[in-house]
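Peer 1: Structure provided below as structure tokens; questions to follow.
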Amino acid sequence: MTSGPSDTVRPIGVAVLGMGNVGTEVVRILRDHAVDLHSRVGAPVVLRGIAVRNVEIDRGVPAELLTADAEALVARDDVDIVVEVIGGIDPPRELILAALNASKSVVTANKALLADYTGELAEAAERNRADLYFEAAVAGAIPVVRPLMQSLAGDQVDRVVGIVNGTTNFILSAMDDTGADYADMLGEATRLGYAEADPTADVQGYDAAAKAAILASLAFHTRVTAADVYREGISKVTADDLATARALQCTVKLLAICERVVDPEGKERISVRVYPALVPREHPLASVNGAFNAVVVEAANAGRLMFYGQGAGGAPTASAVMGDLVMAARNKFYGGRGPGESTYAKLPIAPMGDTPTRYLVNLHVEDRSGVLSRVAAEFAAHEVSISTVRQEGAGEGARLIVVTHLAKESALAETVAALAEIEDVIAVNSVLRMEGTEE
Ligand code: HSE
């Protein structure tokens with residue numbers, strides 16, 4: 001540790017709201033690294049208080065730091081920066097707005113709040129000349145918000161594709177490794193503490209959709225909310241899907257995809273979507289296993305960049321919070337402000353029905369002459385071009401695995417509906433998208 005500069009400067013006061021896994025680590029770093037933080041900021045960074053629901057619990061910090069009155073803590077004159085790590089919409093929304101309206105800077109890890117109320121919060125920050133930083137809201141420790149906002153500010157981002165949910169990546173990786181089904185691996189994730197008691201937000205893709213909305217807003221200078229994101233979760237992915245993927249040298253990943261697309265009239269739009277998709281084994285995202293996250297950014301001049309690391313957990317998420325806190329504290333000390341929300345491009349969101357992707361259609365069929373041509377005819381009738389067809393099994397167990405070229409979601413949906421009506425098609429086992437391949 002180095003000794004800090006003069007202590008005569010006015011300290012930067014910090015309030016921490018919430019003392020769960022992340023809050024506990026933020027408080028630990030603030031207290032253990034006070035001297036280094038002082039040197040990095042130029043002024044002492046002083047923890048003024050911690051808002052918790054129950055002040056009676058021993059949390060290993062001096063009792064006088066704890067308060068149940070978060071509102072009063074935010075309002076204190078000696079608090080300059082508010083760190084919100086409570087999670088959920090209320091009370092964080094009111095507390096963050098109160099802080100911003102008092103020209104205090106805010107650091108938050110709250111993706112759900114940002115994805116739903118980004119406009120309200122960003123406008124309050126702008127009006128009050130305050131910083132609103134949220135590196136920890138997307139992919140935990142992985143720096144991706146600041147690279148998109150600042151490092152790539154002079155480039156044109158065309159695509160952001162990420163594995164941004166560790167719980168679902170753990171489940172899908174375990175299904176791939178063991179051949180087990182979804183329910184068993186969800187149970188394993190719960191037992192090991194990767195999945196919450198109520199795993200809905202993770203497994204149904206809501207968590208990833210909130211992060212996709214934030215990434216798309218930053219990448220495309222357009223305000224995108226969670227409601228703009230097309231979303232499917234992983235609960236319908238079967239052991240059979242993973243086996244099929246393996247046979248095609250692919251795996252299955254829950255992807256958050258943010259893409260700049262051009263509509264038939266040549267106008268730019270953006271497509272933001274979350275779903276499980278086949279990814280070729282050689283794609284960089286295919287080797288992101290367990291609870292790890294990774295984000296691939298493609299920009300016109302930088303080319304392809306990949307960010308990889310721990311997307312959750314107390315200390316990794318606190319690392320991202322602390323980076324923001326140091327930035328906000330420096331800005332307070334030097335009297336400036338970091339870049340705020342940028343929405344000048346205002347690109348429209350492309351409807352999912354218009355979004356072209358490749359598909360794998362897994363059909364259980366009668367094994368007799370003419371079936372393949374009747375199946376192929378339905379694809380042709382809906383202008384969905386077939387890339388490969390593979391038959392597995394024979395007799396009653398015959399399966400056709402059809403992989404398409406790029407096709408519109410709406411055309412594929414019509415094809416699948418028509419396939420289900422063919423007498424020789426016993427069942428449409430599954431339909432999965434395929435990403436990370438050429439057309
Ligand atoms: N629940 C998230 C995940 C971590 O599983 O990745 C917090 O965003």
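The values are calculated or read from the model by the stated rules, or taken from the named source; none is laboratory data. Please read all numbers here as calculations on a predicted model, not as lab measurements. Note that we place each Cβ from the backbone using ideal geometry, even for glycine, and neighbour counts take in every protein chain shown. With ligands, DNA and RNA removed, areas are computed over all heavy atoms of the protein, side chains included. Shrake-Rupley method; radii C 1.70, N 1.55, O 1.52, S 1.80 Å.
Peer 1: I'd like to check which strands (runs of 3 or more DSSP E) are fully inside the range 227-341 and have at least 2 residues that are at negative phi, within 16 Å of the ligand (Cβ to nearest atom) and open to solvent by less than 30 Å² (accessible area, probe 1.4 Å). Walk me through it before giving the result.
Peer 2: Working: elements: 250-262, 268-280, 292-299, 303-310.
Filter on the range 227-341 gives 250-262, 268-280, 292-299.
Peer 1: Moving on. Quick check: is even one residue across the range 111-125 more than 19 Å from residue 229 (Cα to Cα), out of contact with any Asp or Glu (no Cβ under 8 Å at 6 or more places or on another chain) and within 14 Å of the ligand (Cβ to nearest atom)?
Peer 2: No, every residue in the range 111-125 fails to be more than 19 Å from residue 229 (Cα to Cα), out of contact with any Asp or Glu (no Cβ under 8 Å at 6 or more places or on another chain) and within 14 Å of the ligand (Cβ to nearest atom).
Peer 1: Could you check, for the range 181-191, whether at least one of its residues is under 25 Å from residue 82 (Cβ atoms) and not β-branched (Val, Ile, Thr)?
Peer 2: From the range 181-191, those under 25 Å from residue 82 (Cβ atoms) are none; that's our starting set.
Checked against the condition, which is being under 25 Å from residue 82 (Cβ atoms) and not β-branched (Val, Ile, Thr), the range 181-191 yields no hits at all.
For (1) within 20 Å of residue 276 (Cβ to Cβ); (2) of a type in the set (D, E, K, R); (3) in contact (Cβ under 8 Å) with a residue 60 or more places away in the chain, each residue gets a yes or a no:
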position	(1), (2), (3)
386	no, no, no
389	no, no, no
393	no, no, no
418	no, no, no
422	no, no, no
426	no, no, yes
430	yes, no, yes
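Peer 1: Please find, among 164, 145, the residue that is in contact with a helix residue (DSSP H, G or I) (Cβ under 8 Å, 6 or more places away or on another chain) and either at pLDDT below 95 or more than 26 Å from residue 280 (Cβ to Cβ) (or both).
Peer 2: Values: 164 fails: either at pLDDT below 95 or more than 26 Å from residue 280 (Cβ to Cβ) (or both).
On inspection, the qualifying residue turns out to be 145.
Peer 1: Inside the range 383-436, can you point out the residues that are open to solvent by 50 Å² or more (accessible area, probe 1.4 Å), of a type in the set (Ser, Thr, Tyr) and in a strand (DSSP E or B)?
Peer 2: Selection gives 388 alone.
Peer 1: Scan the range 354-388 for residues that are among the β-branched types (Val, Ile, Thr) and over 16 Å from residue 241 (Cα atoms) and jot them down. If you could, list the steps in order and put the result at the bottom.
Peer 2: Taking the range 354-388 first, the residues among the β-branched types (Val, Ile, Thr) are 355, 357, 361, 365, 371, 375, 384, 386, 388.
Passing the criteria: 355, 357, 365, 371, 375, 384, 386, 388.
Peer 1: Just the residues that are under 19 Å from residue 303 (Cβ atoms) and in a helix (DSSP H, G or I), please, taken from the range 150-174. Give the derivation first.
Peer 2: Filtering the range 150-174 for residues under 19 Å from residue 303 (Cβ atoms) gives 150-162.
Within the range 150-174, 150, 151 meet the criteria.
Peer 1: Just to be sure I understand the filter: pairs with C-beta atoms under 8 Å, separated by 6 or more residues or on different chains, first member in the range 310-330 and among the charged types (D, E, K, R), second member surrounded by fewer than 18 Cβ atoms within 10 Å (Cβ to Cβ). Which pairs pass?
Peer 2: 330/40; 330/42
Peer 1: Let me ask another. Please state which one of 153, 195, 180 is without any contact (Cβ under 8 Å) to a residue 60 or more places away in the chain, away from the ligand (no atom under 16 Å from the Cβ) and in the same structural domain as residue 272 (by TED's automatic domain parsing). Walk me through how you get there before you give the answer.
Peer 2: On the way: 153 fails: without any contact (Cβ under 8 Å) to a residue 60 or more places away in the chain; 195 fails: away from the ligand (no atom under 16 Å from the Cβ).
Matching residue, one of 153, 195, 180: 180.
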